[in-house]
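The values are calculated or read from the model by the stated rules, or taken from the named source; none is laboratory data. Since we're looking at a predicted model, the values are computed, not measured. Please note: Cβ atoms are built from the backbone with ideal geometry, for glycine as well, and neighbour counts cover all protein chains shown.
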């Protein structure tokens, strides 16, 4: 009998310096992250995956001198294989923030220890980019796989689109980084498209995608959105500070922290997502689309633009 391997989650515990992490579009919180509370929230997040969802959770080396190091996906981005011929690829990137480049080495070790033995290839910006100028953060990567979910009330919007990676062109990710990612992914069957980002740290601070391929976004305040969207009040397109290049519809959601959506569906189970506990109206909206919604408190990380 063949046993399906459990999904794998690599995590890094929050640094005691988390509250000193970088903020770009948020003011410092009146109640900033506290080490004990941040650690408890992180442990609760891991426990949801381990105990409630049945995932394999592996803690990688700590990076206590890197305040933002808990956001591991900014340094190492995992792309699944698109067919049955082999494993996927892990892209190790160079952050557009020089202060975050100290996270690279531990991410490289984690990749070699945990993902290469599982069949993943490695594409390393620090090896492939001889100029040293290509930058990219994982928060600027939005992956959309066609028809990945069978939510009873959800409509698949991807149709015949190829698997797509939208790459935010933000203060952290430049055109050279996008070109380098294209070099890695397009031969593997992905369509890679750049998306200008304003008023947000990352592309995925503005929009994300549900398992059925539907892109969702939360509207910016009118003072910010009116200068960038150019759309009238009669459109259903929310002013999220980004416009997708292929006209992909963006579904408005109810709360800013409703952007923190993770697909946790099992291969043969009902469609399920993980959502911030600070988005109860978005939870109802997703349940109406046919999703089972699991919530988790990540409040300290949301204060550091971690959604």
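Odds and ends about this structure:
- A single entry from 73, 103, 99 fulfils the requirement of being touching a helix residue (DSSP H, G or I) at 6+ places or on another chain (Cβ under 8 Å), in a helix (DSSP H, G or I) and surrounded by fewer than 20 Cβ atoms within 10 Å (Cβ to Cβ): 73.
- The requirement of being buried (at least 16 other Cβ atoms within 10 Å of the Cβ), under 30 Å from residue 303 (Cβ atoms), in contact (Cβ under 8 Å) with a residue 40 or more places away in the chain and under 19 Å from the mean Cα position of the chain (by Cα) is satisfied by residue 136.
- Restricting 91, 57, 122 to those that are touching a helix residue (DSSP H, G or I) at 6+ places or on another chain (Cβ under 9 Å), within 25 Å of residue 200 (Cα to Cα) and not in a loop (DSSP other than H, G, I, E, B) reduces the list to 91.
- Pairs, first without any contact (Cβ under 8 Å) to a residue 60 or more places away in the chain in region 164-191, second assigned to a helix (DSSP H, G or I) and surrounded by fewer than 20 Cβ atoms within 10 Å (Cβ to Cβ), C-beta under 9 Å, six or more apart: 167/182; 169/175; 180/128; 183/128
- Residue match in region 24-38 (condition: part of a loop (DSSP other than H, G, I, E, B), modelled with pLDDT under 95 and in contact with a strand residue (DSSP E or B) (Cβ under 7 Å, 6 or more places away or on another chain)): no
- Residue selection: residue 178 fails the criterion of being out of contact with any strand residue (DSSP E or B) (no Cβ under 7 Å at 6 or more places or on another chain), at pLDDT 95 or above and either farther than 28 Å from residue 251 by Cβ or outside any loop (DSSP other than H, G, I, E, B) (or both).
- Restricting attention to region 126-136, the residues that are under 17 Å from residue 71 (Cβ atoms) and either in a helix (DSSP H, G or I) or in contact with a strand residue (DSSP E or B) (Cβ under 8 Å, 6 or more places away or on another chain) (or both) total 1.
- Region 39-55 - residue that is touching a strand residue (DSSP E or B) at 6+ places or on another chain (Cβ under 7 Å) and closer than 22 Å to residue 15 by Cβ and, of those, surrounded by the most Cβ atoms within 10 Å (Cβ to Cβ): 49
- Region 1-19, residues that are out of contact with any helix residue (DSSP H, G or I) (no Cβ under 6 Å at 6 or more places or on another chain), farther than 16 Å from residue 57 by Cα and either surrounded by 14 or more Cβ atoms within 10 Å (Cβ to Cβ) or modelled with pLDDT of 95 or more (or both): 15, 17, 19
- Look at (1) over 21 Å from residue 52 (Cβ atoms); (2) at pLDDT 95 or above; (3) touching a helix residue (DSSP H, G or I) at 6+ places or on another chain (Cβ under 6 Å) and you find that residue 239 fails only one, number (2).
- Residue within region 56-63 that is surrounded by fewer than 19 Cβ atoms within 10 Å (Cβ to Cβ) and touching a residue at least 60 places away in the same chain (Cβ under 8 Å) present: no
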